[in-house]
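This report refers to the structure that appears directly beneath it.
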Amino acid sequence: MKKSLTAVLAIGASFGVLAACGTETDSGSEEAVITVGTEATYPPFTYKDKGEITGYDIDVLNEAAERAGYTVEYEPMDFKGLVPALDAERIDMIANQMSITPEREEKYAFSTPYAVSGAQVIVASDNEDIQGIDDLDGKVVGSTQGSVYAKLAEEAGAEVKFYKGANQVLQDLQVGRLDAALNDRLFILTELEKTGYDVKAVGDVFNKSEAGFMTRQDSDVLEGLNEALAEMQEDGTMAEIGEKYFGEDISQ
């Protein structure tokens, strides 16, 4: 299931020590800062436009953070580096369409969902053999490392080949080094045609998923953010951001 705030500095391992990590405002109060990891190469969720990180995920987080009294500093990195950076406390949160799964919830905490979507299969335009997820058994499927789509492909019996980003996957899919790929139906809806690759989406949408902002379980930032997200849902801001990027509300 992608308004910038001023970047200041990263908070420490626990948000409970803000006095040691914040910056002092003109009124003398401490300013709470969240360091957020994001891929910044996955439009329309998180990407760079004229050097600035933007997208659906970014707009939602910026608005929620502002309402909750936080400022945000973004750290762009490869998708495979996001979770290790969170584990190592180099970042405080991930904003990158992180699907809320039981496995992840065992170790991490999530905000309330801000995007609801599902997966769909992508193949080369001249491929007529693969019509959906059930046809991936024994096929080679491209995915970014750590993506939920890699697990879905493996469960379907496919061999997974890992890449740095979605563009590399689509490039190899187009030239026949891969049989298929999986991606978010919202990415396919808005961005696949723009990539210019000779590929197409096939089959029905499956594996409905909800995305949330992901933190370590000891984080204290989610309470305020969740309150802000609820306000944004009620006053129509979530719907407005969804309309901006997808032409529809994707938050529920």
Does Ala153 qualify as being surrounded by 16 or more Cβ atoms within 10 Å (Cβ to Cβ) and over 21 Å from Val116 (Cβ atoms)? yes
Residue hits (the stretch 115-140; within 28 Å of Glu248 (Cβ to Cβ) and assigned to a strand (DSSP E or B)) are Ala115, Val116, Ser117, Gly118, Ala119, Gln120, Val121, Ile122, Val123
What's the number of the only condition in (1) part of a loop (DSSP other than H, G, I, E, B); (2) of a type in the set (Ser, Thr, Tyr); (3) crowded, with 22+ Cβ neighbours inside 10 Å that Thr112 fails to meet? (3)
For the stretch 141-168, enumerate the residues that are under 17 Å from Thr41 (Cα atoms) and either part of a strand (DSSP E or B) or modelled with pLDDT of 95 or more (or both). Gly142, Ser143, Thr144, Phe162, Tyr163
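Each row is one residue, and each column tells you yes or no for (1) assigned to a strand (DSSP E or B); (2) of a type outside the set (Lys, Arg); (3) over 30 Å from Gly236 (Cβ atoms).
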| position | (1), (2), (3) |
| --- | --- |
| Ala32 | yes, yes, no |
| Ala64 | no, yes, no |
| Val72 | yes, yes, no |
| Gly81 | no, yes, yes |
Flagged in the stretch 175-218 as buried (at least 17 other Cβ atoms within 10 Å of the Cβ), at pLDDT below 95 and not in a strand (DSSP E or B), in numbering order, are Arg185, Leu186, Phe187, Ile188, Leu189, Thr190, Glu191, Leu192, Tyr197
Going by what's in this entry, would Tyr56 be described as closer than 27 Å to Leu152 by Cα and under 16 Å from the mean Cα position of the chain (by Cα)? yes
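The values are calculated or read from the model by the stated rules, or taken from the named source; none is laboratory data. Every value quoted in this text rests on a predicted model; they were computed, and no experiment measured them. Ideal geometry is used to build each Cβ from the backbone, glycine not excepted, and the neighbour counts take in all protein chains shown.
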